[in-house]
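Encoded as structure tokens, the structure appears first; notes follow it.
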Amino acid sequence: MIRQNLIEAVVPSPDHVFGLIVHTENHRKIVWTAGRVLKEAALWRQVEELDYEERRIVLKRVTGILEEFALQGHLMRRNEPQSIGYGNEIGFDYVSPKATHECDPC
């Protein structure tokens, strides 16, 4: 039986995820995956306590948040699967606002 309340408790909000990405990217470049987000947000231990199906749901929801950021231009999706957080996952690179402004013609 899937415990929806535990899933909701582990999935960070989009605002929390974006703040985490921006803060971390100020110090170092990271390939972002759902597993990486959960590890950087110190939620991985809670995720490990979930059943397999519940973990899959959490990872899909966090990946959905990352996909949405990619659609908004904040992240760039990588073509090859990444094995950083939890198996083979979709990877994303942060697109700094400075980088996009440098490309704009004056």
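Just so it is clear, none of the values below were taken in a lab; they were calculated from the coordinates. It should be emphasised that the depicted structure is a prediction, and the values quoted were computed from it without experimental measurement. Reconstructed Cβ throughout: ideal geometry from the backbone, glycine too, with neighbour counts over all protein chains shown.
Remark: segment 25-88 carries a charge dipole of roughly 240 debye about the Cα centre, counting +1 on each Lys and Arg Cβ and -1 on each Asp and Glu Cβ.
For segment 4-90, the pair-distance distribution built from all alpha carbon pairs, in bins 5 Å wide starting at 0, is 3, 15, 27, 28, 18, 8, 2 percent.
For the chain, modelled as a GNM whose springs connect Cα atoms under 10 angstrom apart, the maximal fluctuation among E67, E53, E25 occurs at E53. Around the amide H of R78, modelled in the peptide plane, lie the amide H atoms of G91, F92, D93, all under 5 Å away and 5 or more residues distant in sequence or on another chain.
Picking from I2, Q46, G19, whose Cα lies most toward the positive end of the charge dipole for the chain (charges on Cβ: Lys, Arg +1; Asp, Glu -1)? Projecting each Cα onto the dipole axis, the largest value belongs to Q46. Relative to the current alpha-carbon distance between D93 and D15, full extension at 0.36 nm per residue lengthens the span by 26.4 nm. Relative contact order of the chain: 31 percent, from C-alpha pairs under 8 Å at least 6 residues apart in sequence. Axis of helix 14-25 versus longest Cα principal axis of the chain: the two differ by about 60°, to the nearest ten degrees.
Would you please state which residues of segment 10-43 a label at Q72 would reach in this model, taking the label point 7 Å out along Cα→Cβ and a backbone N cut-off of under 15 Å? The answer is 12-23, whose backbone nitrogens lie closer than 15 Å to the label point. Mean residue ellipticity at 222 nm, helices only, the chain: -16000 deg cm²/dmol; runs of at least 4 DSSP H residues each add -39,500 (n - 2.57), and the sum is divided by the number of residues.
Distance between the pseudo-spin-label points of A42 and I2 (7 Å out from Cα toward the beta carbon): 2.9 nm. Phi angles of segment 70-82 translate, via the Karplus equation with coefficients 6.51, -1.76, 1.60 and θ = phi - 60°, into HN-Hα couplings of 5, 4, 7, x, 7, 10, 10, 6, 8, 7, 8, x, 10 Hz per residue; Gly and Pro are given as x. Residues whose amide H comes within less than 5 Å of that of I30, counting only those at least five positions distant or on another chain, are Y94 (H built at 1.01 Å from N in the peptide plane).
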